[in-house]
Amino acid sequence: MKRFYAAVPKGLEYLLVDELKELGAQEVREGLAVVHFQADLTTAYRICLWSRLGSRVVMVINELEFEDADDLYYQVKDIHWPSLFNSLRGFMVDFHGTNREIRNSQFGALKVKDAVVDCFMEECGQRPGITKKDPEIRIDAVLKGNKLSLGLNFAGAPLHQRGYRTERGQAPLRENLAAAMLIRSGWAKDTSLPLVDPFCGSGTLLIEAAMMAADKAPGLLREHWGFHAWLGHDEALWQQMHAEASLRANRGLNACTTPLAGRDLDGQVLTLAKHNAKRAGVRHLIEFEQGDALEARPIGDQPGFVVTNPPYGERLGNLSGLIGLYSELGQSFKRHWGDWRLSLLCSEEMLFNALRMRADKEYRLFNSNLEVKLCNYAIKGRSEEELAKAAPAPLGGEEFANRLRKNLKLRKRWLKKQDIDCYRLYDADLPDYNVAVDRYQDWIVVQEYAPPKSVDEAKAKARLVDVMGQIPMVLEVDPARIILKTRQRQKGKNQYEKRNTRSVDLVANEYGAKFKVNLTEYLDTGLFLDHRLARQMIQQNSKGKSFLNLFAYTGSASVHAALGGAKSTTTVDMSNTYLGWAEDNFELNGLKGRQHQFVQADCLQWLERCNQQYDFIFIDPPTFSNSKRMQASFDVQRDHLVLMRNLKRLLRPGGTILFSNNKRNFKMDLEGMAELGLSAKNISDQTLSEDFARNKQIHNAWLVSHV
């Protein structure tokens, strides 16, 4: 018996344990994304041929404890590698993990590689081949703490690479995940039952099902295995096992009568599916048809299973556009697939909610690095009379839709007098629909405010589905042009970093100024719409003045000042990303020259060091910040007098500070301001335009000057 471990995608460990036991493995125990076991050579070969769930199989050579990198090198070198593989065989090292001594996996791989090479040089006087391209031997090194496990990759290429899929669709489903879906759905318990995949793509799920139903080993098509270059390999035993598996497959392929059917709208992808099925030897078992998933219907003489991986996520379509699809899917399943079982894989909770179906079972899985969920549903059968009476479930959120229609009507009148093309249409007007809806030209951005803990999470999700369903109808906008974001407190670098999503860039127009906005890649778009009137005020009062913009974000206030005739502008922000954006905005408006300065700095520290004076200062600090990039925390309520003391030093006699912040119920310390020799006038009402007038707390604004 030899020791092995099999890597497996997270979430499939327990399934792999059962599979390995059925294949004859002993002492089986699971870990995170790995299962350890013992097996003789016959069983190890069988696992390579028949495992539908594993990613790779590694035969353990040795486990070492070492003190430092040199100790690691010598212990690896002491292993008699020439007894494991021939020096002429090309090899490489896959190193996983780090510790205090091995801080880089590439360094760890280099140490192991050097030790193996030097062992061959001393024992055989010949340097072994080293290659990263199709190596015949892969040494697997896994580091945990100061313990290193060394093994030979017994399978070679990942087991999910069966050999039948040479071309892939847009979002390929890994073969072992497809097999797991079939097992988790319950279909694998009786592979004679009908199976339909209405979003079959390149056919992976149906091909895996056909191989299960026909008793065909998933490894039969593979020609190259890691154990072929291992000196302990028994070719005669392997050929015997391969021949037995081939015989079983031939019998199964001839005897299989399981109804299997797949649909896809994309004819090119469907052609790939047919080619893949042909290479897998199961083309005759699967009926492929081009068509809409909503028009798919049951097959066979008895209820079976719908197991599918519909489109989801940013890669395959806008979330808003998919909500309608999933809503219609739910209606179709309930109407046409009575007594069938449904298993659906998706990463978006909102899309599951759009089905309006209650799952019997839920499983957390991973499609590559993307966390997904597989939900199983039992579809209730209904009589013809019940179906005739059943009407499609009405879309919820009518109250929200009515309010949105009312706001739209009011905005149309107001917009006739405004020189803008970006504005707010709805801002949590109704407590049950806690979102903001902004129009950016012909795009809609929906910002979901995180619901309080007192609100039932399921209800909040259902209402958001209603919101996303009503917006396209009320605003007459393409669902693909609706972008959903969730607002929550951003920490550290998160507020500056891009989100992993598609890019939608526009040029917004505002009172003669142009601004680059990005609707998708950041939490905010680059333009705070609620500060629109404050920026207009800056433009109207900047002529001939030196202007300072602190916590400047993308420099929109500086642009307005420059367009208003400011003799100089200084734009200060801590983020290089936003400062670069500010420079782009200046260029967009044809503003050039040395009089426009951009400074990357912690604004609070910069204030303490600055010795220049300005006529007009705009400052819009965060409500609170404890960023690692700042020396100390900042609280606008607690620290606004300290801030004003520093600003006073920079303010020329007769100058003005426009101070704004977003803290709810902010209270200006007027007595403290008077002691500083400053006066402050609340102008919040003057800076709230009609589209933000309802939300008095969105920001407050003050004009500050010398007494």
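If you filter region 34-58 down to residues that are small (Gly, Ala, Ser) and in contact (Cβ under 8 Å) with a residue 40 or more places away in the chain, you find that the one that is surrounded by the fewest Cβ atoms within 10 Å (Cβ to Cβ) is Ser55. Here Ala674 meets each of (1) surrounded by fewer than 20 Cβ atoms within 10 Å (Cβ to Cβ); (2) touching a strand residue (DSSP E or B) at 6+ places or on another chain (Cβ under 6 Å); (3) of a type in the set (A, V, I, L, M, F, W, C); (4) in a helix (DSSP H, G or I) with one exception, condition (2). Residues of region 682-707 being of a type in the set (Val, Ile, Thr) and part of a helix (DSSP H, G or I), which ones? Selection gives Thr687 alone. Taken together, Asp71, Asp118, Asp114, Asp94 contain a single residue that is surrounded by fewer than 15 Cβ atoms within 10 Å (Cβ to Cβ), charged (D, E, K, R) and touching a residue at least 24 places away in the same chain (Cβ under 8 Å), which is Asp114. Just so you know, in region 604-628 the residues that are within 23 Å of Arg532 (Cα to Cα) and over 33 Å from the mean Cα position of the chain (by Cα) include one that is surrounded by the fewest Cβ atoms within 10 Å (Cβ to Cβ), and it is Asp615.
Determine, yes or no, whether Tyr522 is within 38 Å of the chain's Cα centre (by Cα), in the same structural domain as Asn626 (by TED's automatic domain parsing), closer than 27 Å to Glu448 by Cα and assigned to a loop (DSSP other than H, G, I, E, B). In short, yes.
Going by the structure shown, is Ser454 within 27 Å of Leu344 (Cα to Cα) and among the hydroxyl-bearing types (Ser, Thr, Tyr)? Against the criterion (within 27 Å of Leu344 (Cα to Cα) and among the hydroxyl-bearing types (Ser, Thr, Tyr)), Ser454 does not qualify.
Kindly indicate whether Tyr433 is modelled with pLDDT under 95, over 27 Å from Glu398 (Cβ atoms) and buried (at least 19 other Cβ atoms within 10 Å of the Cβ). In short, no.
The values are calculated or read from the model by the stated rules, or taken from the named source; none is laboratory data. These numbers come from a predicted model, not from an experiment. Don't worry about glycine lacking a Cβ; one is built from the backbone with ideal geometry, like all the others, and counts go over all protein chains shown.
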